[in-house]
Each structure stands twice: as structure tokens, then as C-alpha cells.
1. Could you check the simple spin-label distance between Thr28 and Gln52, using points 7 Å along Cα→Cβ, in nm with one decimal?
2. What are the ³J(HN,Hα) couplings of segment 112-124, residue after residue, when phi is run through the Karplus curve with 6.51, -1.76, 1.60 and θ = phi - 60°? Round to Hz, x for glycine and proline.
3. Mind listing the phi-derived Karplus ³J(HN,Hα) values for segment 75-86, rounded to whole Hz, using 6.51, -1.76 and 1.60 with θ = phi - 60°, and x for any glycine or proline?
4. Check which residues have an amide H placed less than 5 Å from Ile114's amide H, if you skip close sequence neighbours.
Amino acid sequence: ILIIIFFRVETSLKNLMTADISTDRILTLADLFKPGAPYLQVISDYCIRDLQEKKEFFLYDKFQDAALAKPENYAVWNITPKGLLIIFNEYTVAPYSSGTQYVLVPYEMLKKIIDPQGAIGEYVIEN
């Protein structure tokens, strides 16, 4: 059983925690994937492609850096039935006026690296 806890500071989601109450611990993004899997690169590549379709993205170098495969760029995320929801706060990957940006990374894109025994393993059906 997963519980999502979030903290909003002004208009930004500064911290979002996902807890597995069956193990009584807060999950990290790394906990969802097989050990050593390049999950950050896979997620980053998908998010960059998705965000490039939006006109505001990549106008400035600052926005490009905010989507690179670094843990701090992917600290705010959520588990959904259809995919991993990556949340970029205002003025991280787009101008402030564009608001919070969301990218839903489908489990299909992640299925080779998801830990089948982990919190999202149930969403991946092996073919």
C-alpha cells in the first residue's frame, strides 16, 4: 500500500514523498528500479522529448540543465496506474508563466528496468 505525502511551498511542490506502509518507509526513485539500472537517463530522455514539444521549453540553457539525468532534477514524482508522473516546479523547465510542468512516463517505457518486486512492479506485465 502506497501513500503519497506532499508539501506545497507558495505555489510549488517542493517535496513529494511516496511511502510504502507495508514496509513502513519512504521510497526513493531508485527503489522502483533494478539495482544499477540507468533509470535517470531513461526518464530524462523521455522527459526531454516530451518537454521539447512544448513551445516554452529549451528557450534558455537553465531549462535544458533542469531536465538532465541528475537526481535533483527528478526529486518530485508520483506513482500513477498508467506511468511515473514527473513533476517540474515553476521556472525549472519552462518560464514561470507556464506553471508546473508534468510528464507522464508510461510504464511501457520503463518495463525493462523496473524492479518487478518493487512498488511499481505490479504495473509491468511481462510479454
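1. Result for the modelled spin labels: 3.0 nm.
2. With the stated coefficients, segment 112-124 comes to 6, 10, 5, 6, x, 8, x, 4, 10, x, 5, 7, 9 Hz.
3. 7, 10, 8, 8, 8, 10, x, 9, x, 8, 8, 9
4. Lys34
Laboratory data are not the source of any read-out in this text; all were calculated from the coordinates shown. From a predicted model like this one, the values you see are computed outputs, not experimental measurements. Because the Cβ atoms are built from the backbone with ideal geometry, glycine has one as well, and the counts that use them run over all protein chains shown.
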